[in-house]
Amino acid sequence: RFEDVLSTREQHWQRTAVASLRCAGEISISGAGSPKMSGPIHTTALTASSRAARARAPPAALKLLLSPSAPAHKAQKIKIAAALAGVRVDAATAKSDAELAAACPHARTVVLSTKDGPVTRSDAVLRYVAALNPAAELAGSTTYAEGLVDQWLEFGAHELEVAILAAKAHGKNAAVCKRAKQDVANACAALAAALTKTTFLAGDRVSCADAALCCLVKAAVDGGLTSFDALKPPALRWYLTCLHAPAFVSVLGAGAEAG
């Protein structure tokens, strides 16, 4: 029968394998029991290097220096990207803008110290950190997705961040605050329209663009420029999805949606 033939072949293959290993001195036979391993028969150069890599100390944390006046969302998005990428980033606030300038002369809000030199500008630092773990695909999984990440980072800087910072700097100017609220409303409507077909901004995987835009929307909510009730369903679904993700919670805290 077919089953008998298959069983006979399996026994033949097993006897052949055992005999080969006995000749190599890698197993020993004791009685009628199963063969016992007497050496690491599966150890190769690859497994040896993998074990050595696991035994090594984790990479040193990157140092992120913040300006005393840096808005919270600047550091938040970088920390979230680091958490998503599995990269250690230690953030500290400079004692003065002069200290920040000493780290990088043209820095204004953040400076990341790397083994190759300083990186400044928050979105540049964000993308640098995201790129440290290519497997996470935080900068986009395809050329198109990479373009979307850049698109939304620029969108956030011009359509949301400008309004948020203007309202904060000119909080007593009714005209400025009214314009800022309208700009934020328009930006959130654009987000909602884009999120009707995808889970996240650059597709169905979270990216550094989601980290940046989520922090900006939170800043707008905290600043009274928009609210949960004002967000359209696609934008609200995306926002809450981000806020409840572990990497976001680790930076923004549990219950961040409460303000």
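Which pairs turn up if I take residues in segment 72-88 that are among the polar types (S, T, N, Q) and look for partners that are in a helix (DSSP H, G or I) and open to solvent by 40 Å² or more (accessible area, probe 1.4 Å) with beta carbon separation below 9 Å, at least 6 apart in sequence or on another chain?
What qualifies is Gln76/Val251.
Return the only residue of Ala163, Ala175 being assigned to a helix (DSSP H, G or I) and open to solvent by less than 20 Å² (accessible area, probe 1.4 Å). Give the steps one after another, and end with the answer.
Working: Ala175 fails: open to solvent by less than 20 Å² (accessible area, probe 1.4 Å).
Result: Ala163 is the single residue among Ala163, Ala175 that is assigned to a helix (DSSP H, G or I) and open to solvent by less than 20 Å² (accessible area, probe 1.4 Å).
Which of the following residues is hydrophobic (A, V, I, L, M, F, W, C), more than 23 Å from Gly224 (Cα to Cα), modelled with pLDDT of 95 or more and more than 14 Å from the chain's Cα centre (by Cα): Leu138, Leu160, Leu148?
Values: Leu138 fails: more than 14 Å from the chain's Cα centre (by Cα); Leu160 fails: more than 23 Å from Gly224 (Cα to Cα).
None of the others qualify; the one that does is Leu148.
State yes or no: is Ala85 modelled with pLDDT of 80 or more and either among the basic types (Lys, Arg) or closer than 20 Å to Ala135 by Cβ (or both)?
Yes, satisfied.
Tell me which residues, restricted to segment 93-120, are in contact with a helix residue (DSSP H, G or I) (Cβ under 9 Å, 6 or more places away or on another chain) and in a loop (DSSP other than H, G, I, E, B).
Within segment 93-120, Ala94, Ala107, Arg108, Thr109 meet the criteria.
Return yes when Thr143 is open to solvent by 80 Å² or more (accessible area, probe 1.4 Å) and touching a Pro at 6+ places or on another chain (Cβ under 7 Å) and no when it is not. Even if it seems obvious, please write down each step before you answer.
Values: open to solvent by 80 Å² or more (accessible area, probe 1.4 Å): yes; touching a Pro at 6+ places or on another chain (Cβ under 7 Å): no.
Considered against the rule, which asks whether it is open to solvent by 80 Å² or more (accessible area, probe 1.4 Å) and touching a Pro at 6+ places or on another chain (Cβ under 7 Å), Thr143 comes out as no.
From the list Asp123, Asp90, Asp97, which one is open to solvent by 40 Å² or more (accessible area, probe 1.4 Å), within 19 Å of Pro71 (Cα to Cα) and at pLDDT below 95?
Details: Asp123 fails: at pLDDT below 95; Asp90 fails: at pLDDT below 95.
Being open to solvent by 40 Å² or more (accessible area, probe 1.4 Å), within 19 Å of Pro71 (Cα to Cα) and at pLDDT below 95 holds for just one of Asp123, Asp90, Asp97, which is Asp97.
The values are calculated or read from the model by the stated rules, or taken from the named source; none is laboratory data. Because the structure is predicted, anything quoted here is derived from the model rather than measured. Cβ coordinates were reconstructed from backbone atoms using ideal geometry, including for glycine residues, and neighbour counts include every protein chain displayed. To get the accessible areas, we keep the full protein, side chains included, count just its heavy atoms, and leave off ligands, DNA and RNA. Shrake-Rupley method; radii C 1.70, N 1.55, O 1.52, S 1.80 Å.
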